[in-house]
Ligand SMILES: Nc1ncnc2c1ncn2[C@@H]1O[C@H](COP(=O)(O)OP(=O)(O)OP(=O)(O)O)[C@@H](O)[C@H]1O
Ligand SMILES: [Mg+2]
């Protein structure tokens, strides 16, 4: 029994693949060749949940179709393919309607299916609940737990230089580009953060800027509105440009805003500064998953062991998962799991200068070196994240460690809530 129909205007080969995926997911795919055909369809059917449009090949036709979707009291979200370069310009030209989404070629039919699903779920959330420039109070956030809930994944190890930023940037890019997910990448490292600069984004407006402006204008923006869009589609948000002007970043308010951003994104990936300060502590609390990159060297391993102990105290231990970075250095992963006392979610091999070269060009390695083996590693990591994506994971304590612990290395008595 179809849950909803999806109108599709794509070239034949893509149409066939996307239609097959959507049909498998229980949606009714409806081919639309012309704007007139779409108009007729909209006049006869009330169950069109999303329209997939091709803004790359025939922009005029797409514009006409887009107008029909939003005519009068209609507001059917569009999922539109655009040229990668156009994404950048669109973000400059003003904000998209909250419900519309964009993707770039190449894409997989399967990733579109997930996006359609996410859009249909989001469409059921009343518009007032979406991040809309109105400050969301605690009570509003808590009162709608059924709302679409993205996952908060933070990347942390108290040791510097272990690959936190590299993994955060590339996981975010891969989830967005290859998995068709909506991703907000947050640079919470207000001291040495370089997420934006490694993506070639200079002088971005920061949260500190926006919140300072709000003191005089009274206009409070959501994180989705403050963020800038990278040409790979990831929304990038920087907390502050200078470590000297962070007083306005009240930790609790930052944590609330990150939590609220789960409504507009499938994934909120947070790169952290290596410290245990108040900002990091409140963010730990909100995280669904905490990726701990560990390189196979004694200082990084010691730091991870220390973090595991801190995590027990903070009652967040079951959310931790190690990513062995520069994994092909001769140290066995199972030895590292035993020593650190955390399951390894994935391994990322040493990639020589690839990450540095990609950053020098303002891109993630996912876009710059898509065929390299290290990107397969990042993809495996993302697949594990997706496979364990479960709104209850962080709260129940039954998911993450349960799946990866496997009795090999972890101490099951640590947490039983
Ligand atoms: N798997 C890898 N292969 C090759 N180079 C890597 C790998 N992981 C990280 N690097 C490089 O190591 C350096 C440090 O990485 P990164 O900046 O991501 O660490 P970090 O943990 O964020 O550091 P900090 O604590 O200072 O923020 C960077 O130059 C990065 O390109
Ligand atoms: Mg870093």
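The values are calculated or read from the model by the stated rules, or taken from the named source; none is laboratory data. Here the structure is a predicted model, which means the values were calculated and not measured. Here the Cβ is made from the backbone with ideal geometry for all residues, glycine too, and neighbour counts use every protein chain on show.
Is there a residue in region 315-323 that is under 25 Å from the mean Cα position of the chain (by Cα) and within 12 Å of ligand 1 (Cβ to nearest atom)?
Within region 315-323, one or more residues are under 25 Å from the mean Cα position of the chain (by Cα) and within 12 Å of ligand 1 (Cβ to nearest atom).
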Fill in: Count - residues of region 269-313 that are more than 14 Å from ligand 1 (Cβ to nearest atom), under 27 Å from residue 237 (Cβ atoms) and over 25 Å from the mean Cα position of the chain (by Cα)
1
Worksheet entry | Residues of region 287-307 classified as surrounded by fewer than 18 Cβ atoms within 10 Å (Cβ to Cβ) and touching a strand residue (DSSP E or B) at 6+ places or on another chain (Cβ under 9 Å), total | 0
Response to the item:
Across (1) part of a loop (DSSP other than H, G, I, E, B); (2) away from ligand 1 (no atom under 16 Å from the Cβ); (3) touching a residue at least 12 places away in the same chain (Cβ under 8 Å), residue 202 clears everything bar (3)
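When only residues in region 122-176 that are assigned to a helix (DSSP H, G or I), at pLDDT below 95 and surrounded by 16 or more Cβ atoms within 10 Å (Cβ to Cβ) count, which is farthest from ligand 2 (Cβ to nearest atom)?
123
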Worksheet item: Looking at region 324-335, which of its residues are within 15 Å of ligand 1 (Cβ to nearest atom), surrounded by fewer than 23 Cβ atoms within 10 Å (Cβ to Cβ) and outside any loop (DSSP other than H, G, I, E, B)?
Response: 333
Worksheet entry | Residues being in contact (Cβ under 8 Å) with a residue 40 or more places away in the chain and in a helix (DSSP H, G or I) - total across region 336-356 | 5
Item to complete: Restricting attention to region 175-199, report how many residues are within 16 Å of ligand 1 (Cβ to nearest atom) and out of contact with any helix residue (DSSP H, G or I) (no Cβ under 7 Å at 6 or more places or on another chain).
Response: 7
